[in-house]
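The values are calculated or read from the model by the stated rules, or taken from the named source; none is laboratory data. This is a predicted model, so every value here is computed, not measured. When we count neighbours, we look across all protein chains shown, and the Cβ atoms used for this are built from the backbone with ideal geometry, even at glycine.
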Amino acid sequence: MPAIKSDAKQSERLLNIDWGQPQSGRQQPVAAAQAPAKLSAQVRVRIDDVFAQINAYRAIVDSGINTESLLAQSLISQANAIFNQAFMNLQAIHGFETVYADTPVEHANIDDVTDLVIAEVLKLQSILNPQA
């Protein structure tokens with residue numbers, strides 16, 4: 001396999017990223033994440049838990065790419081696009097008005113939609129990578 005030059009070093013590892021396979025510590029697709037009957041207008045999400053499921057973000061973490069490189073910036077943009085699209089899809093379905101990221105747990109009156117967002121992210125990634 002030819003090496004790819006990234007920044008000032010050779011990297012064969014980048015060629016070995018298996019975009020469709022979950023790494024250890026990542027969730028398998030959930031058959032159907034069950035949403036509560038009615039979600040409140042204000043919801044919260046655990047950002048780190050969601051991004052850990054996004055392949056483009058995992059590629060940066062798993063391969064140790066310099067985050068200032070063009071490749072990393074492209075992967076970060078892809079990860080953000082998937083995250084944002086997942087929220088837009090869920091907002092259209094559930095009508096969220098306000099989303100709080102990493103809200104302290106003591107705000108019990110705010111529904112946690114992290115599992116719903118993860119399920120939507122996994123669904124979007126399987127659309128983008130159908131052979132996975």
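Worth a mention:
- Pairs meeting the criteria (first residue in the range 82-101 and under 14 Å from Leu39 (Cα atoms), second residue among the charged types (D, E, K, R) and part of a helix (DSSP H, G or I), beta carbons under 7 Å, at least 6 apart or on different chains) are Leu90/Glu120.
- Flag for Ala108 being outside any helix (DSSP H, G or I) and either modelled with pLDDT of 85 or more or among the aliphatic types (A, V, I, L, M) (or both): yes
- Residue within the range 43-59 that is of a type in the set (Asp, Glu) and at pLDDT below 90 present: no
- Counting residues in the range 17-26 that are aliphatic (A, V, I, L, M) and modelled with pLDDT under 90 gives one or more.
- Just so you know, in the range 36-71 the residues that are part of a loop (DSSP other than H, G, I, E, B) and free of Cβ contacts under 8 Å to residues at least 60 places away in the same chain include one that is nearest to the chain's Cα centre (by Cα), and it is Ala52.
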